[in-house]
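Taking it in order: structure first as structure tokens, then the write-up.
The values are calculated or read from the model by the stated rules, or taken from the named source; none is laboratory data. Predicted, not measured: the structure shown is a model, and the values here were computed from it. Using ideal geometry, Cβ is built from the backbone for each residue, glycine included, and neighbour counts are taken over all protein chains shown. The protein model used for the area step is the full one, side chains on, heavy atoms only, and it has no ligands, DNA or RNA in it. Shrake-Rupley method; radii C 1.70, N 1.55, O 1.52, S 1.80 Å.
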Amino acid sequence: MLSCHCHNDLGLAVANSLSAIESGARQAECTINGIGERAGNAAMEEIVMALLTRKDHYKIATRIDPTKIYPASRMVSTLTGLVVQRNKAIVGENAFAHEAGIHQDGILKKRETYEIMDPASIGIPKTSLVLGKHSGRHAFRERVTFLGYTLTDAQIESAF
């Protein structure tokens, strides 16, 4: 069996691992959250989700249950004391968070517009719509409704 073991010194460990898989490797040595010496190793969550999300291209399956990815990432972070950066692909706090109004509107209308993966597929209950200065009325109305309030359009406009 061909195997690959990629370090992330140039930020290419996942890309190199996927290239090795395309070239016949059937074992990719990787780590949760990409932890490892120096710049780390190929991130397991990124490899698994690339293979799953683009299965039409790679035509390779794993035996990894993707719904366990996020909980495993959090457990590894807690046990090692290594914080996952907010903008890390797949498991970062911002990976499924949207503050920009246009993104929020798109997510509320058709999630696939801005998310190529369903957060539930990796063990995150749902997308996070962050209310902030860039949020739009659609997300604001959604949050008000979620909190149990029924407001008229005029009240929404005034509160917004």
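Summary of values
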{"quantity": "Members of LYS68/LYS88; LYS88/LYS126; LYS59/LYS88 lying beyond 21 Å, as alpha-carbon distances in this model show", "calculated": "LYS59/LYS88"}
{"quantity": "Exposure ranking of GLU99, GLU45 by accessible area [1.4 Å probe, largest first]", "calculated": "GLU99, GLU45"}
{"quantity": "Amide proton proximity set for ASN8, modelled H, under 5 Å, gap of 5+", "calculated": "ALA39, GLY40, ASN41"}
{"quantity": "With Cα atoms, 0 to 90° folded angle of helix 137-146 axis to the chain main axis", "calculated": "90"}
{"quantity": "Accessible area (Å², 1.4 Å probe, nearest 10) - ASP153", "calculated": "110"}
{"quantity": "Note, ³J(HN,Hα) from phi for the stretch 93-98, Karplus 6.51, -1.76, 1.60, rounded to Hz, x at Gly and Pro", "calculated": "4, 8, 4, 10, 10, 9"}
{"quantity": "Kirkwood Rh (inverse of mean 1/r, distinct Cα pairs), the stretch 14-79, angstrom", "calculated": "12.4"}
{"quantity": "The stretch 1-142 - percent of accessible surface contributed by carbon and sulfur, probe 1.4 Å", "calculated": "55"}
{"quantity": "Accessible area expressed per residue, the chain, with surrounding protein chains retained (probe 1.4 Å, Å²)", "calculated": "62"}
{"quantity": "In Hz, Karplus ³J(HN,Hα) per residue of the stretch 12-25 (6.51, -1.76, 1.60; θ = phi - 60°; x = Gly, Pro)", "calculated": "10, 4, 5, 4, 5, 5, 5, 5, 5, 5, 4, 8, x, 5"}
{"quantity": "Rounded to the nearest 10 Å², the accessible area of VAL84 at probe 1.4 Å", "calculated": "20"}
{"quantity": "Relative contact order [Cα under 8 Å, 6+ residues apart], the chain, whole percent", "calculated": "15"}
{"quantity": "Largest to smallest principal axis extent of the C-alpha atoms in the stretch 68-128, angstrom", "calculated": "38, 20, 14"}
{"quantity": "Label corresponding to log10 I(q)/I(0) by the Debye sum over Cα atoms at q = 0.11, 0.16, 0.19, 0.21 Å⁻¹ when calculated from the structure given, among (1) -0.45, -0.92, -1.24, -1.44; (2) -0.55, -0.94, -1.17, -1.32; (3) -0.52, -0.97, -1.27, -1.47", "calculated": "(2)"}
{"quantity": "Heavy-atom accessible area order for SER128, SER23, largest first, 1.4 Å probe", "calculated": "SER23, SER128"}
{"quantity": "Most to least packed among 90-96, 112-118, 154-160 [average Cβ atoms within 10 Å]", "calculated": "90-96, 112-118, 154-160"}
{"quantity": "Residue range of the chain that is longest and free of trypsin sites (Lys or Arg not before Pro) which are both DSSP loop and sparsely packed (at most 12 other C-beta within 10 Å)", "calculated": "134-160"}
